[in-house]
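Encoded as C-alpha cells, the structure appears first; notes follow it.
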Amino acid sequence: FVGDSWTVGLIDNGLIKSENALAQVGASAYSLPGTPTPPSGTSGIIFALGKNDCSSAGINALKHLIDDTVTAYPNIPVYVLRLSYYGTNPYNGISASDVDSFNQTMQSYCATKNSVNFVDPTIAINDSSAKTIKSEYNTSDNLHLTADGYKAWYEAISSAVGGGSSYEPTLTAV
C-alpha cells in the first residue's frame, strides 16, 4: 500500500502490516519520498492516495508517481483505489463533484495503462445517495473512518484486488 492517513488507519486497526506500506498522515503524491521500492515477490502495489491530492496538480503528481512505478516495475500490477466521499458534502471546500471528477480522471487514466487497474472499494463505505461516507463509518472529523469502516473498506479492497481472499501486497519504502 502507498497511502495517506486512511492507510495508516488500516495499519492502526491491525488490517495490514506497517512494513507492507509506505504511508503517512497527510501524504500526497508530491509529498512521498519517491517511487515505492517493492521487494522481490511483491504481488501488487496499491495506491490509496487522493484525499490530499484532489486538485489538478495532485492528480498530475499521482499520475507521474504511477508512471514512474510502472516504468520501474513493469511486471508488478498496480491498483489505484477510487477516492471515497467525505463525511460531509462539501468537506473543507472539496465537494462530492470534486471527488467524482478526481475519480473519473483517474479511471480514464488507468484505462490507458496495461498494468494499472482502477478499483472501487468505496461501495462498502459510501452513501451514494448522500455522496458522503455512510454514517455508521463516519467519525466526528468527517474525514476518517471508524474501526468498522476501515474493516469494511479493507474487505472491499481485498475483494476487488485479491478476488475475495485476504490480500496484502508486500511493499517497503524507498
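Give the residue that is nearest to residue 155 (Cα to Cα), with candidates limited to residues of the stretch 4-47 that are of a type in the set (Phe, Trp, Tyr) and touching a strand residue (DSSP E or B) at 6+ places or on another chain (Cβ under 7 Å).
Residues of the stretch 4-47 that are of a type in the set (Phe, Trp, Tyr), as a first pass: 6, 30, 47.
Add one more test, that the residue is touching a strand residue (DSSP E or B) at 6+ places or on another chain (Cβ under 7 Å), and what stays is 6, 47.
Details: 6: 14, 47: 16 Å.
This residue is 6.
Yes/no per residue for (1) under 16 Å from the mean Cα position of the chain (by Cα); (2) in a helix (DSSP H, G or I); (3) modelled with pLDDT of 90 or more:
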position	(1), (2), (3)
7	yes, yes, yes
11	yes, yes, yes
14	no, no, yes
19	no, yes, no
25	yes, no, yes
29	yes, no, no
33	no, no, no
40	no, no, no
43	no, no, no
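Report whether or not residue 104 is within 15 Å of the chain's Cα centre (by Cα), polar (S, T, N, Q) and within 22 Å of residue 160 (Cα to Cα).
Here the answer is yes, as residue 104 does meet what is asked.
The values are calculated or read from the model by the stated rules, or taken from the named source; none is laboratory data. Just so you know, these numbers come straight off a predicted model, no measurement behind them. Glycine also receives a Cβ, built like all others from the backbone with ideal geometry; neighbour counts cover every protein chain displayed.
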